[in-house]
Amino acid sequence: MAGKKEKIIKKSKDKTILQIVKRRGHTEVYDERKVYGSCFFACRNAHLSEQEAEEICKKVSASMTKWVKIKKIVSSSDIFNMIIQELKKHNEDASFLYETHRDIS
């Protein structure tokens, strides 16, 4: 990831909005909803109930947002690997499905 740095695009009163360096080199604004959505998809595919999936994904997305805010450089791969670790704390099957989904998409 040499030469690729986080870009701060806007500062408001309470938030700094970060752009994440994607796999192909372009940048995109960090969106907690995307983390939640991909986590929810993995949990539901692991046959967790909607309620269980929501509870896990709230925790995972909050943890990820907190983590992203303290990092100096963030790539989509970093986020991907951290989501795997966070999901693994709550459900091994969902973590596995999240990790392998990227391989086939």
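Read-outs: derived from the displayed coordinates by stated rules, not from any lab. Remember, it's a predicted structure, so these values are computed and weren't measured experimentally. Glycine gets a Cβ as well: all are built from the backbone with ideal geometry, and neighbour counts include every protein chain shown.
Residue-level analysis places E92 outside the set of residues that are surrounded by 15 or more Cβ atoms within 10 Å (Cβ to Cβ), acidic (D, E) and more than 22 Å from G25 (Cβ to Cβ).
Of all residues in region 73-86, at least one satisfies being in contact with a Ser or Thr (Cβ under 6 Å, 6 or more places away or on another chain) and either surrounded by 14 or more Cβ atoms within 10 Å (Cβ to Cβ) or farther than 22 Å from G25 by Cβ (or both).
Scanning region 63-90 for residues that are of a type in the set (A, V, I, L, M, F, W, C) and without any contact (Cβ under 8 Å) to a residue 24 or more places away in the chain returns W67, I70, F80, M82, I84.
If you go through region 51-77 and keep only what is over 14 Å from the mean Cα position of the chain (by Cα) and within 13 Å of A94 (Cβ to Cβ), you end up with E52, A53, E54, E55.
Quick grid of which residues meet (1) of a type in the set (V, I, T); (2) over 17 Å from R23 (Cα atoms):
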{"residue": "F40", "(1), (2)": "no, yes"}
{"residue": "S49", "(1), (2)": "no, yes"}
{"residue": "I56", "(1), (2)": "yes, yes"}
{"residue": "V60", "(1), (2)": "yes, yes"}
{"residue": "T65", "(1), (2)": "yes, yes"}
{"residue": "V74", "(1), (2)": "yes, no"}
{"residue": "Q85", "(1), (2)": "no, yes"}
{"residue": "H101", "(1), (2)": "no, no"}
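Step by step: first the residues of region 29-46, then only those that are more than 17 Å from M82 (Cα to Cα) and in contact (Cβ under 8 Å) with a residue 40 or more places away in the chain, then the one that is surrounded by the most Cβ atoms within 10 Å (Cβ to Cβ). Which residue is that?
Step one: list which residues in region 29-46 are more than 17 Å from M82 (Cα to Cα), which gives 29, 44-46.
From what is left, the residues that are in contact (Cβ under 8 Å) with a residue 40 or more places away in the chain are 45-46.
On the way: N45: 15, A46: 19.
If we take residues in region 29-46 being more than 17 Å from M82 (Cα to Cα) and in contact (Cβ under 8 Å) with a residue 40 or more places away in the chain, then A46 is surrounded by the most Cβ atoms within 10 Å (Cβ to Cβ).
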